[in-house]
Amino acid sequence: MRTQIHILDASGLEERARVEQILVSAAAKFGIADTTVTSRVPDTIRCYSERVGFGFAVGGRVVGKLVIVDFNAGKAPSSDFSVIKQYITLELCRTFGDRIHVPMESEYVAVQSTLPESDAAREFRRKHFRLER
C-alpha cells in the first residue's frame, strides 16, 4: 500500500527544512533507519526505512511547487507503519494546516528514480546489504 501527502506551495527552503525536521523527529522517536544516501530521486529531502533493506519506507521530496511525503507500507506492513504514518501526518497538518492535500491515488505524483547511484550509496549498500554466499 502506497499513499502520499502533498504540501501545496511549499518548494522553498523553509518548507523543506520543516518537512525534514518532522521526518528526522519521527526517525528518532521510532528508531527507523536513515536511507537518504541511497535515494536516486531528484530533490529528495529525507528517506527512512523500517530497517535497512526491509519493511516500510517514508520519504519527502520536492516536485515543482509541491513537497510530497510518500508512504510505502512494503510487502508486509508492520504494526509500526500506521503509527509512524499517523505521527508524521499529524505533524505535517499541525505545521502546514490548509496547505495539506491528501490526494486520491489518481493524483499521485510518480517517483522518478533518475539520478545515478552515488559513491556514498554504493558504500552504504556494501556495508548494509552483504550477500551470503
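The values are calculated or read from the model by the stated rules, or taken from the named source; none is laboratory data. Everything numeric in this text was worked out from a predicted model, so none of it was measured. Using ideal geometry, Cβ is built from the backbone for each residue, glycine included, and neighbour counts are taken over all protein chains shown. Heavy atoms of the whole protein, side chains included, go into the accessibility calculation; ligands, DNA and RNA do not. Shrake-Rupley method; radii C 1.70, N 1.55, O 1.52, S 1.80 Å.
Net charge of the neighbourhood of Glu107, taken over other residues with C-beta under 14 Å away and scored Lys/Arg +1, Asp/Glu -1, is -1.
In the context of the full set of protein chains, the stretch 1-60 has a per residue accessible area of 48 Å² (1.4 Å probe). Residues whose amide H comes within less than 5 Å of that of Val67, counting only those at least five positions distant or on another chain, are Ile7, Ala10 (H built at 1.01 Å from N in the peptide plane).
The slack in the chain from Ser25 to Arg125, taken as 0.36 nm per residue of separation less the alpha-carbon distance, amounts to 33.6 nm. To put it simply, the accessible area of the stretch 1-93 at a 1.4 Å probe is 54 percent carbon and sulfur.
In the stretch 1-108, the C-alpha radius of gyration followed by the widest Cα-Cα span (Dmax) gives 12.7, 35 angstrom.
Put simply, when 87-96, 60-69 are sorted by average Cβ atoms within 10 angstrom per residue, most first, you get 60-69, 87-96. Students often forget the sequence filter, so: which lysines lie under 25 Å Cα-Cα from Lys85 once same-chain residues fewer than 8 apart are removed? Once the sequence-local lysines are set aside, what remains near Lys85 is Lys29, Lys65, Lys75. Taking amide H atoms as placed 1.01 Å from N in the peptide plane, the amide H of Ser78 lies under 5 Å from those of Phe56, each 5 or more residues away in sequence or on another chain. Applied to the stretch 68-74, the Karplus parametrisation 6.51 cos²θ - 1.76 cosθ + 1.60 on θ = phi - 60° returns per-residue 3J(HN,Hα) values of 10, 10, 9, 10, 10, 6, x Hz, with x for Gly and Pro.
Suppose R0 equals 22 Å; then what is the FRET efficiency for Tyr108 and Ala76 from their Cβ-Cβ distance, rounded to the nearest 0.05? Mind showing how you got there, number by number?
Numbers: r = 22 Å, r/R0 = 0.99.
The computed FRET efficiency comes out at 0.50.
Summarising the amide proton neighbourhood of Ile32: residues at separation of 5 or more, or on other chains, whose placed amide H is nearer than 5 Å comprise an empty set.
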